[in-house]
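Working notes for the structure below.
Please treat every number below as a calculation from the coordinates, not as lab data. Given the structure is predicted, the values throughout are model-derived calculations rather than measurements. For neighbour counting, all protein chains shown are included, and Cβ atoms are generated from backbone atoms with ideal geometry for every residue, glycine included.
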Amino acid sequence: MTAKELLLRMPEALDATAAGATSAVVQYEISEPVHHVLAGGELQALEGRASEPDLTVTIADTDLVELFHGRLNPMTAFMSGRLKVGGDIALAQRLVGFFDQEAMTSWAPEAEAAEASA
């Protein structure tokens, strides 16, 4: 799954209870930019750039995929410069808790291959 495909699939993994009343626009600067609009416990994933994001995440496509599948530590990525965050840093820290990590891990290539062969 590409970085873009992963980001466009994120609404499936949103934990509306965890997201609560949070409203935010998150821009992902990858090879094909995607942004998320979070409001009212719902998440929209849209292609392209948002006009006024609250948070901007800049990361290489391969690093984003590794990060979402749990194979790249977010703090290590940030400290090494592989992950750059601009805007609402507090939102960035809370964002991870808004998603079902098991669902996202199941999107890993190994899991997809196992499902296909079953």
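Summary of computed values
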quantity: Sum of side-chain charges, SER80 neighbourhood, beta-carbon under 14 Å (Lys, Arg +1; Asp, Glu -1); calculated: 0
quantity: Radius 13 Å from Cβ of VAL37, net charge of other residues (Lys, Arg +1; Asp, Glu -1); calculated: -3
quantity: Potential extension, THR2-ASP54 segment - 0.36 nm per residue separation minus Cα distance; calculated: 16.3 nm
quantity: Packing-based order for 83-93, 25-35, using average beta carbon neighbours within 10 Å, highest first; calculated: 25-35, 83-93
quantity: Convex hull volume of the chain per residue (C-alpha atoms, cubic angstrom); calculated: 99
